[in-house]
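**Student:** The following block contains the structure, expressed as structure tokens.
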Amino acid sequence: MSDLMKVSSNPHIRAKSSTSSIMLAVVIALLPAAGFGIYNFGTDALILILVTVLSTVLTEYIFEKILKKKTTIGDYSAVVTGLLLALNLPVSAPWWIGVIGGIFAILVVKMLFGGLGQNFMNPALGARCFLLISFTSIMTNFDCDAYTGATPLAALKSGETVNIFNMVVGKTAGTIGETSMIAIVIGACFLILTGVIDLRIPGSYIVSFVVFICLFSGRGFDYAYISAHLAGGGLMLGAFFMATDYVTRPITVKGQYVYGILLGILTGIFRIFGPSAEGVSYAIILGNLLVPLIEKATLPTAFGKGGARV
Amino acid sequence: MNDIKERLINGLVKENPTFVLMLGMCPTLAVTTSAMNGLGMGLTTMVVLALSNAFISLLRNIIPDKVRIPAFIVIIASFVTMVELLLEGFIPSLYDALGIYIPLIVVNCIILGRAESYASKNPVIPSLFDGIGMGLGFSFALTCIGSVRELIGAGTLFGMHIMPESYVPCSIFIMAPGAFFVLATLTAIQNKIKINGERKGKDMSKIQSGCGGDCLNCSDTGCTKPQKINGKGEREHA
């Protein structure tokens with residue numbers, strides 16, 4: 001026995017993907033939406049996106065320097081947070097909104113809970129809701145050079161008709177990244193094809209939302225109304241990019257369906273019965289808070305425990 | 001005289017009810033939407049605290065041990081009712097701002113805590129000043145929290161405009177989440193100072209944990225330091 005046996009603990013087979021490769025894929029998938037936002041709203045949108053991303057990355061860097069921790073900005077998660085947050089801001093927002101939002105997202109929602117993987121709530125959405133509550137008038141002012149007046153969802157809520165073609169393409173008022181359904185779906189397809197996300201959460205989210213709208217909007221199965229609800233607001237962005245956040249979604253398969261259905265119902269409740277037109281952000285952060293409970297309830301049986309014996 | 005001074009400093013710093021003992025969180029979070037409300041709540045509580053402490057101390061040998069809690073509550077509730085009626089009559093604006101939290105002073109755990117752990121075992125004068133010290137500490141903490149929240153959330157301080165015209169108030173700070181943010185940050189700063197003090201080798205533990213070695217009168221049920229009974233029948237650290 002002269003051969004030296006190497007003993008190592010599992011896992012023995014590893015995937016090539018890493019945190020940074022997955023986050024980079026998300027950044028690439030967000031580029032169509034960001035690009036369309038810049039095309040749609042002009043250079044103001046570009047500046048706001050850059051400022052917000054810079055703010056999240058710098059906050060993470062400075063926080064880790066001060067606390068003498070390992071610098072983790074190389075995993076691109078701060079870039080994803082900044083980009084998502086910026087896509088959730090109206091283009092008329094001043095630059096400091098992006099800075100404050102970025103600092104809040106990283107410092108309070110992410111780093112104070114222990115950094116990436118420990119945050120119980122999606123940082124970008126947490127910051128968006130913080131900004132929405134703090135600076136309501138700025139965050140709900142969607143007037144800009146290109147568009148004035150209500151967002152499609154607000155118009156829909158007050159009973160006006162909306163141009164669905166414009167909503168699908170994205171030529172409407174709204175936050176920078178949410179307007180174009182096409183751009184978001186292109187990015188989502190990229191994520192699904194590269195295996196970064198699967199359709200469990202977005203699928204169950206959108207289907208349960210449609211069912212809820214059919215049942216409770218009082219319009220029955222109104223094709224135009226439903227497609228306006230799907231194309232309007234942050235539903236697509238939320239369903240594909242934020243509800244599927246690895247850290248804040250359930251890890252069990254059954255739990256992911258439960259989570260998706262829960263989000264669909266919550267979004268429906270907020271949009272139809274709530275005072276404001278939009279409710280995706282609140283639905284997702286509420287869902288995030290329930291994830292530990294969902295996981296506890298849907299814990300799969302370990303191999304060898306219980307079940308039928310053959 | 002030394003005793004009185006010690007009691008006042010104890011309430012303000014060593015055993016600050018909000019930042020150290022973490023008592024009375026309900027009014028702390030709820031009414032500190034402005035510096036004025038915080039100060040008002042603090043002073044109202046202080047009056048009740050001082051009077052109830054003195055009164056309970058006065059009756060400490062008469063109140064049977066088994067029914068002491070109901071007896072304390074009756075005494076505290078009487079003073080709260082008096083203060084409530086006085087506020088309604090003379091400072092109606094503060095009365096409206098504090099609302100339900102005035103009657104709720106009855107169940108404020110600082111008051112019952114001091115009655116149980118100090119006033120029921122000590123003479124009248126130190127008990128009175130213990131109440132005043134604790135009340136001052138509470139007022140100080142509430143005014144601090146209220147000032148920060150008002151400054152960030154409304155750009156004013158005691159109603160006066162402090163921030164420049166262009167400042168956009170961050171209104172979440174005068175809503176419920178802001179109370180948690182500010183309280184957590186101020187407590188974190190306090191803890192940071194404590195840790196730095198320990199690193200420098202100063203014995204800050206006595207100050208910050210609120211432990212003066214007086215185990216008999218200690219309300220800290222989580223105290224893990226070894227204790228023994230000394231010759232006078234009192235518990236103290238071994």
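The values are calculated or read from the model by the stated rules, or taken from the named source; none is laboratory data. No experiment lies behind these values; they were computed from the predicted model shown. Methodologically, a virtual Cβ is constructed for each residue, glycine included, from the backbone with ideal geometry; neighbour enumeration extends over all protein chains shown.
**Student:** Being more than 7 Å from every other protein chain (Cβ to nearest Cβ) and either surrounded by fewer than 13 Cβ atoms within 10 Å (Cβ to Cβ) or not in a helix (DSSP H, G or I) (or both) is the filter here; which residues of segment A:132-149 pass it?
**Tutor:** A:Ser137, A:Thr140, A:Asn141, A:Phe142, A:Asp143, A:Cys144, A:Asp145, A:Ala146, A:Tyr147, A:Thr148, A:Gly149
**Student:** May I pose another question? Within the group B:Leu104, B:Leu128, B:Leu112, which residue is in a helix (DSSP H, G or I) and free of Cβ contacts under 8 Å to residues at least 60 places away in the same chain? Even if it seems obvious, please write down each step before you answer.
**Tutor:** Working: B:Leu104 fails: free of Cβ contacts under 8 Å to residues at least 60 places away in the same chain; B:Leu128 fails: free of Cβ contacts under 8 Å to residues at least 60 places away in the same chain.
When all the criteria are applied, what remains is B:Leu112.
**Student:** Moving on. Out of segment B:156-188, which residues are under 22 Å from the mean Cα position of the chain (by Cα), more than 9 Å from every other protein chain (Cβ to nearest Cβ) and of a type in the set (Phe, Trp, Tyr)?
**Tutor:** Scanning segment B:156-188 gives B:Phe158, B:Phe180.
**Student:** What are the residues in segment A:241-266 that are within 18 Å of A:Leu87 (Cβ to Cβ) and either hydroxyl-bearing (Ser, Thr, Tyr) or in contact (Cβ under 8 Å) with a residue 60 or more places away in the chain (or both), if any?
**Tutor:** Residues of segment A:241-266 that are within 18 Å of A:Leu87 (Cβ to Cβ), as a first pass: A:241-245, A:248.
Within segment A:241-266, A:Phe241, A:Met242, A:Thr244, A:Asp245, A:Thr248 meet the criteria.
**Student:** Within segment A:193-207, is there a residue that is hydroxyl-bearing (Ser, Thr, Tyr), assigned to a loop (DSSP other than H, G, I, E, B) and surrounded by fewer than 24 Cβ atoms within 10 Å (Cβ to Cβ)?
**Tutor:** Keep residues of segment A:193-207 that are hydroxyl-bearing (Ser, Thr, Tyr), which gives A:194, A:204-205.
Of the ones still in play, those that are also assigned to a loop (DSSP other than H, G, I, E, B) are A:194.
Next, only the ones that are surrounded by fewer than 24 Cβ atoms within 10 Å (Cβ to Cβ) stay: A:194.
Checking segment A:193-207: at least one residue is hydroxyl-bearing (Ser, Thr, Tyr), assigned to a loop (DSSP other than H, G, I, E, B) and surrounded by fewer than 24 Cβ atoms within 10 Å (Cβ to Cβ).
**Student:** For segment B:38-62, name all the residues that are farther than 21 Å from B:Met25 by Cβ and without any contact (Cβ under 8 Å) to a residue 60 or more places away in the chain.
**Tutor:** B:Phe55, B:Leu59, B:Asn61, B:Ile62
**Student:** From B:Gln227, B:Gln208, B:Gln190, grab the single residue that is surrounded by 12 or more Cβ atoms within 10 Å (Cβ to Cβ) and modelled with pLDDT of 80 or more. I'd like the intermediate steps shown before the answer.
**Tutor:** Values: B:Gln227 fails: modelled with pLDDT of 80 or more; B:Gln208 fails: modelled with pLDDT of 80 or more.
The match here is B:Gln190.
**Student:** Still on this structure, please answer the following. Of the residues that sit in segment A:109-131 and are outside any loop (DSSP other than H, G, I, E, B) and surrounded by fewer than 19 Cβ atoms within 10 Å (Cβ to Cβ), which one is nearest to the other protein chains (Cβ to nearest Cβ)?
**Tutor:** To start, the set of residues in segment A:109-131 that are outside any loop (DSSP other than H, G, I, E, B) comprises A:109-113, A:123-131.
Now drop any that are not surrounded by fewer than 19 Cβ atoms within 10 Å (Cβ to Cβ), which leaves A:112-113.
Numbers: A:Leu112: 9, A:Phe113: 12 Å.
Here the residue is A:Leu112.
Here is a yes/no grid of residues against (1) of a type in the set (Ser, Thr, Tyr); (2) under 22 Å from A:Lys110 (Cα atoms); (3) in a loop (DSSP other than H, G, I, E, B):
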residue	(1), (2), (3)
A:Ile226	no, no, no
A:Gly233	no, no, yes
A:Gly238	no, yes, no
A:Val258	no, no, no
A:Ile261	no, no, no
A:Leu266	no, no, no
A:Ile272	no, no, no
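**Student:** Hey, among the residues in segment A:286-305 that are at pLDDT 85 or above and assigned to a loop (DSSP other than H, G, I, E, B), which one's nearest to the chain's Cα centre (by Cα)? Give the steps one after another, and end with the answer.
**Tutor:** Let us first name the residues in segment A:286-305 that are at pLDDT 85 or above, namely A:286-299.
With the extra rule that they be assigned to a loop (DSSP other than H, G, I, E, B), the set shrinks to A:298-299.
Details: A:Thr298: 23, A:Leu299: 25 Å.
So the residue we want is A:Thr298.
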